């Protein structure tokens with residue numbers, strides 16, 4: 001479980017893709033201890049298990065399902081990745097409950113600049129529309145954000161300068177793909193109804 005408050009960014013140093021498997025090495029300033037091997041790390045919103053680390057390089061395995069559902073299927077060397085360690089019981093939670101289970105990917109359709117903030121529109125398949133509500137929470141590349149507007153086939157978020165400085169969202173441009181996780185509470189409620 002994560003909060004969606006990004007603590008570090010890293011760059012893909014190496015990515016080895018085979019038929020149904022993938023190993024990824026990410027270079028960052030995030031520090032790990034030996035007892036954290038096997039722990040969950042949010043990598044641009046996808047919950048990955050830390051396989052090993054060496055100084056500033058962390059290695060993760062991606063399954064076929066992860067490759068299919070996430071932007072990692074098209075990731076390349078030097079792509080910037082948002083990183084967050086899992087929550088520690090008793091710590092303050094600033095974002096919302098994020099599982100790291102990516103539901104889908106969405107394409108950036110438009111970016112508007114309002115002062116130092118960005119308004120970003122994302123295309124959304126009709127089958128996912130019931131999972132989002134205006135002012136509800138959503139996770140984009142692992143970042144906890146608020147939906148500012150719901151449009152016919154899109155939704156819009158507003159990103160403040162602080163979030164842009166700390167995450168890979170500052171690199172987004174039109175037609176880029178992002179990992180999306182809908183609010184877990186909304187998913188349970190929709191399933192229950």
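For residue 66, the conditions (1) assigned to a strand (DSSP E or B); (2) under 15 Å from residue 181 (Cβ atoms); (3) free of Cβ contacts under 8 Å to residues at least 60 places away in the same chain; (4) touching a helix residue (DSSP H, G or I) at 6+ places or on another chain (Cβ under 8 Å) are fulfilled apart from (1). Condition test on residue 35, is it at pLDDT 95 or above, more than 18 Å from the chain's Cα centre (by Cα), surrounded by fewer than 18 Cβ atoms within 10 Å (Cβ to Cβ) and more than 21 Å from residue 4 (Cβ to Cβ)? For residue 35, the condition - at pLDDT 95 or above, more than 18 Å from the chain's Cα centre (by Cα), surrounded by fewer than 18 Cβ atoms within 10 Å (Cβ to Cβ) and more than 21 Å from residue 4 (Cβ to Cβ) - is not met. Restricting the stretch 149-170 to residues that are in contact with a strand residue (DSSP E or B) (Cβ under 9 Å, 6 or more places away or on another chain) and in a helix (DSSP H, G or I), the residue that is nearest to residue 30 (Cα to Cα) is 166. Screening residue 105 on (1) in contact (Cβ under 8 Å) with a residue 24 or more places away in the chain; (2) in a loop (DSSP other than H, G, I, E, B); (3) closer than 28 Å to residue 27 by Cα shows it passes everything except condition (2). In the stretch 140-168, the qualifying residues are those that are farther than 19 Å from residue 97 by Cβ and touching a residue at least 60 places away in the same chain (Cβ under 8 Å), and the one that is surrounded by the fewest Cβ atoms within 10 Å (Cβ to Cβ) is 166.
The values are calculated or read from the model by the stated rules, or taken from the named source; none is laboratory data. Predicted model, so just to flag it, every value in this text is computed and none were measured. Neighbour counts are summed over all protein chains in view; Cβ atoms, including those assigned to glycine, are modelled from backbone coordinates with ideal geometry.
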